[in-house]
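S.K.: Below is a structure I'd like to ask you about.
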Amino acid sequence: MLTTRRQAVAAAALAPFAPAILRAAEPDLTALRDITTGVKPIDPAERARRLSRAQALMRADGIGGVLIEPGASLTYFTGIRWGRSERLTAVVLPAEGEPLIVTPFFEEPSIRETLGLPATVRVWQEHDDPLRLVAAFLTERGLAARPIGIEETVRAFATDGLRRALPDVWLVSANPVVRTCRTIKTPAEIALMQAASDVTVAAYRWTWPRIEAGMAGADIGALMNAATRKLGGEPLFALVLVGEGSAYPHGTKKVQRVAPGQVVLMDCGCSVEGYQSDISRTGVFGRATPEVARVWNHMARGQQLAFATAKPGTPAGQVDDAVRHFYAQQGYGPDYKLPGLPHRTGHGIGMDGHEPVNLVRGETTPLAPGMCFSNEPGLYLPGKFGIRLEDCFHMTPSGPKYFSEPPRSIEQPV
């Protein structure tokens, strides 16, 4: 009897929230299907071309080899998808010949499952120093006397260990090799990024009409992630900011719930075969106030100016400059001041959500075909609301091309 009474009390307490709980746990996804079944993963021939390109860059700069730990760059060159731990798994890309993979003995079978190009695999036991394997490889290949490039995310214990194993080693940044390769996307990479964007756009179209009064951002994000999975993408993030929370680019700890007239800002992305999307949409639950509509239109115009400015050969920083000049004319800022645009206009994107090059003041890198960027010059009014539209584009010889088309009005934000 006591148990029954407690169950009744608990059920009564949860009753007002039951529809939202059920909706978040088991949304009806029957209208959706996997739209990624036709995508083509990066094949061994493309990985071979990447290695050849990297080796040409190494030889041009006099670099003997490049050390890379698990992460996007390891996957980019080798196909290996692996996490980081205190047990080192790494690749050495030599200036000539096959790469070296070092990994714990018991991990070798798993490493070989995703290895996407010919490579030498050397294993180490728990009592061994894996950096001695790296040093021996470089010495055997006659590369130890040349500078060795270190990929920018390699941890200090790995570089320290290499110095101990090769006291005379000369370590340099591998950015001229790795960044140069990864910044310019190939048609195969562009196709995968397009697939990821298509998934996110389709998930938005399914999710937005299902937003209801009383939902918190997490409720909406759960719907977005569920739709993304059903559509064939791997959800990476689903940031949903409601009301005043939208005034802060990455949100607030305060839980905001949807109510009539409130701004809803969604920033969501997924991965398809390791390549990412990043799309933001902002609308209003109900009718927008004149102020919200005005700021939305200003932000949309800023995004249009950024796209129009992004021409091949244009320094990346000029895209940001054009947007800030327009915003200042409308009374925002100036510069990074609020109300206005407190962050860069855009960032590079590919296998990582944020990659070089950035669309930010002072960036002199010329825009070139194959570069990919987000375009998101948001406007934020602290204490009120924020507006962010974000669409990614890639550069072609004739100019930028969107992966996702921006919305045309606040009334139809998706």
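S.K.: Go through the range 345-360 and count every residue that is under 13 Å from ASN375 (Cα atoms) and either in contact with a helix residue (DSSP H, G or I) (Cβ under 6 Å, 6 or more places away or on another chain) or open to solvent by less than 10 Å² (accessible area, probe 1.4 Å) (or both).
M.R.: 8
S.K.: Keeping to the range 361-393, report how many residues are among the β-branched types (Val, Ile, Thr), open to solvent by 10 Å² or more (accessible area, probe 1.4 Å) and in contact with a helix residue (DSSP H, G or I) (Cβ under 6 Å, 6 or more places away or on another chain).
M.R.: Selection size over the range 361-393: 1.
S.K.: Moving on to the next point. In this structure, does THR228 turn out to be farther than 30 Å from PRO339 by Cβ, open to solvent by 40 Å² or more (accessible area, probe 1.4 Å) and of a type in the set (Ser, Thr, Tyr)?
M.R.: So THR228 fails the test.
S.K.: Could you check how many residues of the range 219-236 are out of contact with any helix residue (DSSP H, G or I) (no Cβ under 7 Å at 6 or more places or on another chain) and in contact (Cβ under 8 Å) with a residue 60 or more places away in the chain?
M.R.: 3
S.K.: Need the failing condition index for HIS325 against (1) over 24 Å from TYR275 (Cα atoms); (2) touching a Pro at 6+ places or on another chain (Cβ under 8 Å); (3) in a helix (DSSP H, G or I); (4) open to solvent by 40 Å² or more (accessible area, probe 1.4 Å), just the number.
M.R.: (2)
Conditions (1) modelled with pLDDT of 95 or more; (2) assigned to a loop (DSSP other than H, G, I, E, B); (3) open to solvent by 40 Å² or more (accessible area, probe 1.4 Å), marked per residue:
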| position | (1), (2), (3) |
| --- | --- |
| ALA259 | yes, yes, no |
| SER280 | yes, no, no |
| ALA288 | yes, yes, no |
| GLU291 | yes, no, yes |
| ASP320 | yes, no, no |
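S.K.: Testing CYS181 on (1) under 22 Å from GLY65 (Cβ atoms); (2) assigned to a helix (DSSP H, G or I); (3) touching a strand residue (DSSP E or B) at 6+ places or on another chain (Cβ under 8 Å), one condition comes back false. Which one is that?
M.R.: Of (1) under 22 Å from GLY65 (Cβ atoms); (2) assigned to a helix (DSSP H, G or I); (3) touching a strand residue (DSSP E or B) at 6+ places or on another chain (Cβ under 8 Å), only one is false for CYS181: (3).
S.K.: Any idea which of VAL123, VAL177, VAL172 is farther than 20 Å from ILE80 by Cβ, surrounded by 15 or more Cβ atoms within 10 Å (Cβ to Cβ) and not charged (D, E, K, R)?
M.R.: VAL172
S.K.: Please determine, by comparing only the residues of the range 64-88 that are among the hydrophobic types (A, V, I, L, M, F, W, C) and open to solvent by less than 10 Å² (accessible area, probe 1.4 Å), which one is farthest from THR139 (Cα to Cα).
M.R.: ILE80
Residue-by-condition table, conditions (1) among the aliphatic types (A, V, I, L, M); (2) within 30 Å of GLU126 (Cα to Cα):
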residue	(1), (2)
ALA31	yes, no
THR37	no, no
PRO41	no, no
SER52	no, no
ARG59	no, no
GLY64	no, yes
THR75	no, yes
TRP82	no, yes
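The values are calculated or read from the model by the stated rules, or taken from the named source; none is laboratory data. Note that this is a predicted model, so its numbers are computed, not measured. Positions of Cβ are generated from backbone atoms using ideal geometry, with glycine treated the same way; all protein chains shown enter the neighbour counts. Side chains are part of the model used for accessible areas, which takes the heavy atoms of the whole protein and leaves out ligands, DNA and RNA. Shrake-Rupley method; radii C 1.70, N 1.55, O 1.52, S 1.80 Å.
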